[in-house]
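The values are calculated or read from the model by the stated rules, or taken from the named source; none is laboratory data. As the structure is a computational prediction, the values presented were derived from the model and not from experiment. Glycine also receives a Cβ, built like all others from the backbone with ideal geometry; neighbour counts cover every protein chain displayed. In case anyone asks, the SASA skips ligands and DNA or RNA and just uses the protein heavy atoms, side chains included. Shrake-Rupley method; radii C 1.70, N 1.55, O 1.52, S 1.80 Å.
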Amino acid sequence: MHPDARGYYGPYGGRFVPELLMPPLLELEKAARDIVPTEEFRKEFGDILRDFVGRPTPLYRCPTLSRELGFNLWLKREDLAHTGAHKINNTLGQALLAKHMGKTRLIAETGAGQHGVATATAAAMTGLSCTVYMGAVDVRRQAHNVRRMELLGAKVVAVENGTRTLKDAINVALRAWIAELEDTHYCVGSVVGPHPFPWLVREFQQVIGLEAREEFMTRNMGRLPNALVACVGGGSNAMGLFHAFVPDEGVRIIGVEASGSGEEGCYHSATLTKGTAGVFQGALTLLLQSEQGQIEPSHSIAPGLDYPGVGPEHAGLQALGRAEYACVNDAAAMRAFKKLCRTEGIIPALESSHALAWVLDNADQFPAGGDVVINLSGRGDKDLGIVEEVLQAEEEGK
Ligand SMILES: Cc1ncc(COP(=O)(O)O)c(C=O)c1O
């Protein structure tokens, strides 16, 4: 799906920002349209993706699970990309663009720390300075990632406002951007926010689907898979996989969100399946809000899915009926996590475990001998603390 001139994907998208942010957003859109499609930029970005990130990432057919399920289960191995997740594709693309625009500094905000680490990495690699805003609570919870960012040369600012988590960090980062627009680029971490960010981030992540499509067809005599499945937080790994297949009407596209504990009335992050339309962080999209329009807290065992909004292109694809969205709870994601560890020797991110859980629980929807491609968006090393807690609670019979 392509955004219209005002950045809308059907009914969703746009640019809902204070007056002060209009000039930098227009400047960014123009630079992206002028620079990103040029041969010089494509070559530079392509070389970095190959030599620094390690692309193309493999498309791996899981032998044991495929035998158990009766269809071929393929994993697009973004966990094998440098820094351990898909986030690096986007941050390197934006860092390179920022450099071409004459900027000298990146700022970013991060919750679980993955996007912060990816931005710090991209800044170090391209010679930009970097400041990452992070809620003080998250700084404590994600001490390991804070250390990684600092080793990479980034300054991590602990935000003490509000609930001292991601949405407060975003507000402070936005104010910092407005104060230093001249030399600073705001490196957004998913297909969210005001136009042109959802489009720009997807441009840099579409490499996932382009590679998967080409490799799948080469290995399967020109055939396409029956379905694609990916987890959805803000939606960047999912859009990255889906984009190249959107015109292929015969390929089912399924995004999987987090339904938290799954109990009635619990906090969750199932924005597309349970949210309503409204303006959130600069775009008209689906979000979790109260009847009075207040943003509701979200929850997921997977830190990267714990977000009350979603990228407007997903909302647009859902409205069109081209993509389907489902949700999976914490316990099912943990079961899928353990299953992939034990059967295939791969420790997946808890985010990606949601996508796998949906496939395992809905295996009867796929034909025998068919093909399902899951985006394995990241590796699970970052989640071992959470997993340990769950396993210990299980052992103690809680
Ligand atoms: C491994 C991994 N997968 C998925 C996500 C969710 O983000 P998105 O929906 O933008 O891919 C994150 C976010 O931190 C992540 O770290």
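Considering the range 142-166, and only residues there that are over 20 Å from Pro297 (Cα atoms) and among the charged types (D, E, K, R), the residue that is least open to solvent (accessible area, probe 1.4 Å) turns out to be Arg148.
Scan the range 244-255 residue by residue and report those that are more than 10 Å from the ligand (Cβ to nearest atom) and either among the acidic types (Asp, Glu) or touching a residue at least 60 places away in the same chain (Cβ under 8 Å) (or both). If the condition is that a residue be more than 10 Å from the ligand (Cβ to nearest atom) and either among the acidic types (Asp, Glu) or touching a residue at least 60 places away in the same chain (Cβ under 8 Å) (or both), then Val246, Asp248, Glu249, Arg252, Ile253, Ile254 are the ones that fit.
In the range 200-220, the condition of being more than 16 Å from the ligand (Cβ to nearest atom), more than 18 Å from the chain's Cα centre (by Cα) and open to solvent by less than 10 Å² (accessible area, probe 1.4 Å) is met by at least one residue. Among the residues of the range 113-128, the ones that are within 14 Å of Val157 (Cα to Cα) and outside any helix (DSSP H, G or I) come to 1 in all.
Just to be sure before I move on: is Arg33 at pLDDT 95 or above and touching a helix residue (DSSP H, G or I) at 6+ places or on another chain (Cβ under 7 Å) in the structure I sent? Please lay out each step first, then the result.
Numbers: at pLDDT 95 or above: yes; touching a helix residue (DSSP H, G or I) at 6+ places or on another chain (Cβ under 7 Å): no.
No, not satisfied.
Among the residues of the range 129-139, those identified as among the aliphatic types (A, V, I, L, M) and surrounded by 24 or more Cβ atoms within 10 Å (Cβ to Cβ) are Val132, Met134. Restricting attention to the range 364-398, the residues that are more than 16 Å from the ligand (Cβ to nearest atom) and assigned to a loop (DSSP other than H, G, I, E, B) add up to 8.
Residues that are over 22 Å from Glu109 (Cβ atoms): which strands (runs of 3 or more DSSP E) entirely in the range 245-330 hold 2 or more of them?
Correct list: 252-258, 276-280, 324-328.
Candidates in the range 247-272 are the residues that are open to solvent by 60 Å² or more (accessible area, probe 1.4 Å) and within 24 Å of Tyr8 (Cβ to Cβ); of these, the one that is farthest from the chain's Cα centre (by Cα) is Glu249.
Of the listed requirements (1) closer than 30 Å to Ala363 by Cβ; (2) open to solvent by less than 20 Å² (accessible area, probe 1.4 Å), Gly70 misses just one: (2). With respect to the conditions (1) within 13 Å of the ligand (Cβ to nearest atom); (2) in a loop (DSSP other than H, G, I, E, B); (3) not polar (S, T, N, Q), Ala238 falls short on a single one, namely (2).
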